[in-house]
Amino acid sequence: MPPDKITKKNNDRGNIKFSDLLKDPYKHFHRIQENLNSFSKQEKKQLTESIRERIWEEQDNSNGNKGLIVELETLLEEIDPKFRLNKKAFQIESGRKIFFQDYKQINPALDVANDKLHIIVPFPTEVPIIDRKGNILGHKMVVDNFVVTSSREIIECSESEFTKLNLIPRIPEMVLDQRWSMKSIESFISQSISVDPFEVFQDLRNVHDFYMDFGDNTGASTVNALYSILTYVFPIFSTIPYLRFTGTKGAAKSKEIAIHENTDFNALNAVQFSPASMFRTIQDTRGTMLIDEAETYGTKSAGGETKEALSQIVNSGFQAQGKVPRIETIGNRRVRVNFSTYSPKIIGGISEVTETLRDRSFEILLVKTLDRKKSSRSVRSTDKKWQKLRDSLYLLAMNHWNEIRDIAENSEIENRLGLIGREWDKAKPLLVIARFLERYNSSEGKKVIDELWEFLEQQREKEEELQVDSFDYSVIDSLEELVDKELQNVLPDSRNKAVVKVQLLELSMKIATLEGKDVERLNKKAYGKVIKDKILKMGLGANFKRGKGNLTYFESDQSRVRAAKERYLHANSQDVSNLSNPSNLSNFSNLSNPQDEVTENNSDSLSNLSNLLSNLSNLLSNPSETSHKTEENGNLVTEVTQVTQNKDGVLVLNCVSSR
């Protein structure tokens, strides 16, 4: 037991100096324990450091007093409940200690940890001026990074402070720019000031509409405003989409990017940084990366380290775990360091971009405006409205981040278009922000959600237009034709489950022709390997084996083709889903009452139509086109049937018979 067991008579600090308590906290264990409430915050901090040092001394001593360590650990936790010294330390042969303890890394520039949002803000602070002999000559003012939390705390941005919270921080190597005004921070810390989220959104949208002409881009200003809000809370999500502005010269792409530079979280222009510093800057600031005039990105004419750096950052920074390894010099050693690249990114340019970038971004096509007022308006960073907007965005994030996280994790987000995979990953963060805003203005919030879905539908239509000319389309379309050809010998009722064998060479040549290749000069063996790899990766076939004539065959079926269409060509299976309900067959205007139309000339056609309707479930499962051959009075009759949907959403069955 600690030596200073005391009685009620001396249950106070008495005449003992605080410096004596610091020198030997174990000796004065009970006096410290009984008088915890009498110590100031600064004194508790000093006691904590003193106790930790004493514990480490005992742990380093092979004959250390284990009872003393346990007692001091208990006292330490009473002084500072936030701090938990792990008691399961294990000393390895080198003398270093390892701890069997879970930990969390934090990027204090913008991150969530211990159920708080953390944001780095630079503050002016006073530091002593010390001469060579250690004498304090005076003080000076410097600017240094501190961390503001959503719990209205300000903590020093240092490893020691975060260690107390069981957090391992990525401390920035530079002092960040001040983008949140001191007046707003002071009001937030002292007065618990807040903002109306929907009003912040409206102010952002109005700014975009004031400067920009978005033409036929439905919901473009809405999407830009939602994205600006997203940049302040994006660590909540596992993925973040990019915004990409395209258009001819003079379409105001740079102006739109300038708006984001003045509103978005820690926005930074890529042209200001060398490739080497680009990785570190993104990690240190978690800022919105702006890439204007991105013609060099992903093009053959682009060369050097800049192109490679941008490519790595854009390709990996879409996901929360995105990182790029770099070789850095630390001391006298060259070591591999992983830099986080996860951050919002906004890109502007004229030329086409890589498929990878297109896959991660929403495209907004800008046109040269005819509105002279808008064309004459310049974005000036000195305008006071930008600071006001940023202050509002900081307050929105600090006061509502947990509400947005709750919607993202626990609410079912409507998926009107049946988006899957990367499409859903891109759309969900914006849909969550829109759903959050709806809570603060129900009627207008619903309109925001509707506008966002219109925008997403436009994005899908653009992507489908590109997919028509894509290699994926060529592979799927060619295979579908061959599968349908093989199924002609299978009864209609059995086609859904039938597995057919497809010749790889025949498929490869069909795709090559569709792709415009010179089939005569094509290396068929090499091209066949490419097609085989594509078939396997897209899940279109399996069981590749040698067959007749030493040719390769594989197995496929209609269900594989339909699934690939939905995955890669955005085919919407919901277009024909209503037909599963027999009551919806009334939509077929030509079939309202077939008996009323019977004549000598068309009775055979109606008979054939009746046969087709009996196999309707099979027909609807493959809505593109189905053909069926039968023999009638010695003649071969071919029936071709199509299910389509007109612009009003009415499903139409078209049948053509030929002899």
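The values are calculated or read from the model by the stated rules, or taken from the named source; none is laboratory data. None of the values given here were measured: they were computed from a predicted structure. Cβ placement follows ideal geometry from the backbone for every residue including glycine, while neighbour counts extend to all protein chains displayed. To get the accessible areas, we keep the full protein, side chains included, count just its heavy atoms, and leave off ligands, DNA and RNA. Shrake-Rupley method; radii C 1.70, N 1.55, O 1.52, S 1.80 Å.
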### Task
Answer yes or no as to whether GLU71 is of a type outside the set (Gly, Ala, Ser), open to solvent by 20 Å² or more (accessible area, probe 1.4 Å), over 30 Å from SER340 (Cα atoms) and at pLDDT 70 or above.
yes
### Query
In region 121-150, how many are free of Cβ contacts under 8 Å to residues at least 60 places away in the same chain and within 26 Å of the chain's Cα centre (by Cα)?
2
### Query
So which residues in region 251-285 are at positive phi and either part of a helix (DSSP H, G or I) or open to solvent by less than 20 Å² (accessible area, probe 1.4 Å) (or both)?
ASN266
### Query
Considering region 475-506 alone, what residues qualify as being within 40 Å of the chain's Cα centre (by Cα), among the small types (Gly, Ala, Ser) and assigned to a helix (DSSP H, G or I)?
SER478
### Task
Scan region 292-320 for residues that are surrounded by 18 or more Cβ atoms within 10 Å (Cβ to Cβ) and either part of a helix (DSSP H, G or I) or modelled with pLDDT of 90 or more (or both) and jot them down.
ALA294, ALA309, LEU310, GLN312, ILE313, VAL314, GLY317, PHE318
### Task
Filter region 352-382 for residues that are without any contact (Cβ under 8 Å) to a residue 40 or more places away in the chain and of a type in the set (D, E, K, R) and give the result.
GLU352, GLU355, ARG372, LYS373, ARG380
### Task
Check whether at least one residue in region 333-351 is without any contact (Cβ under 8 Å) to a residue 24 or more places away in the chain and not in a strand (DSSP E or B), and report yes or no.
no
#### Entry: Residues satisfying the stated conditions in region 220-235, i.e. touching a residue at least 40 places away in the same chain (Cβ under 8 Å), surrounded by fewer than 24 Cβ atoms within 10 Å (Cβ to Cβ) and more than 22 Å from ASP177 (Cα to Cα)
none
### Query
Can ASP111 be described as at pLDDT 90 or above and of a type in the set (Asp, Glu)?
yes
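This table checks each residue for (1) touching a strand residue (DSSP E or B) at 6+ places or on another chain (Cβ under 8 Å); (2) open to solvent by 50 Å² or more (accessible area, probe 1.4 Å).
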| site | (1), (2) |
| --- | --- |
| LEU482 | yes, no |
| LYS497 | no, yes |
| VAL502 | yes, no |
| LEU507 | no, no |
| ILE511 | no, no |
| GLU515 | no, yes |
| GLU520 | no, yes |
### Message
So in region 236-250, with the set limited to residues that are over 26 Å from SER340 (Cβ atoms) and among the β-branched types (Val, Ile, Thr), which one is most open to solvent (accessible area, probe 1.4 Å)?
### Response
THR248
### Message
Quick check on my filter: what residues within region 164-190 are among the hydrophobic types (A, V, I, L, M, F, W, C) and within 26 Å of the chain's Cα centre (by Cα)?
### Response
LEU167, ILE168, ILE171, LEU176, TRP180
### Message
Whether any residue in region 241-248 is at pLDDT below 95 and over 23 Å from the mean Cα position of the chain (by Cα) is what I want to check.
### Response
yes
### Query
Does region 403-429 hold any residues that are part of a helix (DSSP H, G or I) and within 22 Å of LYS116 (Cα to Cα), and which are they?
GLU403, ILE404, ARG405, ASP406, ILE407, ALA408, GLU409, ASN410, PRO429
### Query
Counting only residues that are under 26 Å from the mean Cα position of the chain (by Cα) and farther than 18 Å from ALA267 by Cβ, how many does region 363-394 have?
3
### Residue count for region 321-332, restricted to those that are under 14 Å from the mean Cα position of the chain (by Cα) and assigned to a loop (DSSP other than H, G, I, E, B)
2
### Query
What is the residue count in region 378-402 for residues that are surrounded by 14 or more Cβ atoms within 10 Å (Cβ to Cβ) and either among the charged types (D, E, K, R) or part of a loop (DSSP other than H, G, I, E, B) (or both)?
3
### Query
Since GLY418 meets every condition but one in (1) within 27 Å of ASP203 (Cα to Cα); (2) of a type outside the set (S, T, N, Q); (3) open to solvent by less than 40 Å² (accessible area, probe 1.4 Å), which condition does it not meet?
(1)
### Message
I need every pair where a residue in region 281-306 that is under 22 Å from SER340 (Cα atoms) and β-branched (Val, Ile, Thr) has its Cβ under 6 Å from the Cβ of a residue that is open to solvent by 30 Å² or more (accessible area, probe 1.4 Å) and modelled with pLDDT of 60 or more, sequence separation at least 6 or different chains.
### Response
THR281/PHE273
